[in-house]
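What follows is one structure encoded as structure tokens, with my remarks underneath.
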Amino acid sequence: MSSAARKLDGEGRSAPLRQIPAIAALAGPACMAQLRTVCRDVIDLSQMDPAKAVQAYGGALLLLEHGVPGVEQIVLGLAMEKPDTAVLMVSDNLPVHIVRALMKLGASDILPVSAQASDIVEAVERLKESVEAVERGGDERSSAVCWAFRGAVGGAGVTTMAIESAFAIAEKVRGAKVCLVDLNLADGMTSSFLEAVPKLDLPALSAAPERLDARLLAAWCYQHPDGVSVITAPRNPDADELGTEAAILRLLDVACAEFQYVLVDMPRHMMPWTKPVMGAVDEAVIISELTVPSLHAAADMARDVDILRGDAGKAKLVLNRMFPKKRFRAEFAVDKAEKAIDRKIDATITSDWDAARTAVNLGKPIADVKPKSALVADVARFVDFLLPEGVAAEASTIGKRRVK
């Protein structure tokens, strides 16, 4: 049992179900008052230096309220020095760097500022279950890979790129649990493209994001016959208002705990949760086309995302719907495009309109309809480029065996 599990468990075996044996906390007066009604021993960190708090209580269970002096230093310190820690964060608006730090911890959850004492108890129980599940099945949470796809301009083919990438991973990495999440909440097309049942109950998630757990997430997943789980909401013109930052971050946090690979189809327009998501994912992919206006829009978006991500790695820039090289079109070369925007273009995807049209009409990925399409080959190469080095090498070896 890890130190986090031991300290989470503490004396809890003999404690009443709705009580927390002990917790270290740094929060405002209202939150501390709620906490003391359900916890026998609340260790107040307000008088302790953040660095000392990290050393003294790293690996244990902490409740932290964002905005209270010292909280950010504690979270960042835990992510760097004590990742074997369970943190319950109270906040209605988390900055990108804190979201990224929480994702590095052994277990974390986010509660709204309006959370009551019963919500705190339930969240602590979920954290305990999360830590215990990881210990039983290995450190699955730390191995989760999350990519976000976002279009620099409308109609750039982001949904197609996200779908094809997800199914390429499922094909390349045997036994991998892959999840495709459509965050175009009001008018997403993923369910239509794949004939998937939109199961995400957005009103329920928005009303109580802290209640989302692995079992509820499973109920909201549609399982495609090719092995990819799809999370998408029914079309709703008011859906964007329901997609709060707390709800979306909780959805992705639980998805990353349950799946090895999580691919996110992002809307182009800015949402309250766009910056935290783009800043926290493992790879931020900007999709554009080879036209002057699209290139400038892509370069601007990529620069903005780079600032959000800091040292987490630059955004990847992909040019979609490229004409086959053998066909003459009024295009300029990719190297000239790179010079024009002063940025590397990481991948190009060849257009195959006929295959794409057939695929969406049949509710299948393009790889099923036309496996030898140049588009499919380009996506496969891009996925190999993004996959962690060891995984990519193993996938390449498996592919060569299949060819033989």
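Restrict the check to segment 194-204 and report whether at least one residue is on the phi > 0 side of the Ramachandran plot, out of contact with any His (no Cβ under 6 Å at 6 or more places or on another chain) and open to solvent by 40 Å² or more (accessible area, probe 1.4 Å).
Yes, segment 194-204 contains a residue that is on the phi > 0 side of the Ramachandran plot, out of contact with any His (no Cβ under 6 Å at 6 or more places or on another chain) and open to solvent by 40 Å² or more (accessible area, probe 1.4 Å).
Determine whether LEU295 is within 16 Å of GLY157 (Cβ to Cβ), over 25 Å from the mean Cα position of the chain (by Cα), open to solvent by less than 50 Å² (accessible area, probe 1.4 Å) and at pLDDT 90 or above.
Yes.
Among the helices (runs of 4 or more DSSP H) confined wholly to segment 273-392, which include 2 or more residues that are closer than 22 Å to ILE163 by Cα?
Fully inside segment 273-392 and qualifying: 274-280, 292-309, 353-362, 366-369, 374-386.
Say whether the condition of being at pLDDT 95 or above, open to solvent by less than 10 Å² (accessible area, probe 1.4 Å) and not in a helix (DSSP H, G or I) is met by at least one residue in segment 231-252.
Yes, that holds for at least one residue.
Out of VAL121, VAL87, VAL113, which single residue is open to solvent by less than 20 Å² (accessible area, probe 1.4 Å), out of contact with any Leu (no Cβ under 8 Å at 6 or more places or on another chain) and of a type in the set (Val, Ile, Thr)?
On inspection, the qualifying residue turns out to be VAL121.
Identify, from the list ALA214, ALA255, the residue that is open to solvent by 20 Å² or more (accessible area, probe 1.4 Å), touching a residue at least 24 places away in the same chain (Cβ under 8 Å) and of a type in the set (Gly, Ala, Ser).
Answer to the check: ALA214.
Just need a number here: residues in segment 29-61 that are within 24 Å of VAL131 (Cα to Cα) and part of a loop (DSSP other than H, G, I, E, B).
So the count comes out to 5.
If you check ASP300, ASP306, which single one turns out to be farther than 18 Å from GLY155 by Cα and surrounded by fewer than 21 Cβ atoms within 10 Å (Cβ to Cβ)?
ASP306
Show the residue pairs meeting these rules: Cβ distance below 8 Å; 6+ apart or different chains; first residue within segment 196-211 and under 17 Å from LEU249 (Cβ atoms) and touching a residue at least 60 places away in the same chain (Cβ under 8 Å); second residue basic (Lys, Arg) and open to solvent by less than 30 Å² (accessible area, probe 1.4 Å).
Cβ pairs passing all conditions: PRO209/ARG250; GLU210/ARG250.
The values are calculated or read from the model by the stated rules, or taken from the named source; none is laboratory data. Since we're looking at a predicted model, the values are computed, not measured. With ideal geometry, Cβ positions are generated from the backbone for all residues, glycine too; neighbour counts draw on all protein chains shown. Keep in mind that these areas ignore ligands, DNA and RNA; they rest on the heavy atoms of the full protein, side chains included. Shrake-Rupley method; radii C 1.70, N 1.55, O 1.52, S 1.80 Å.
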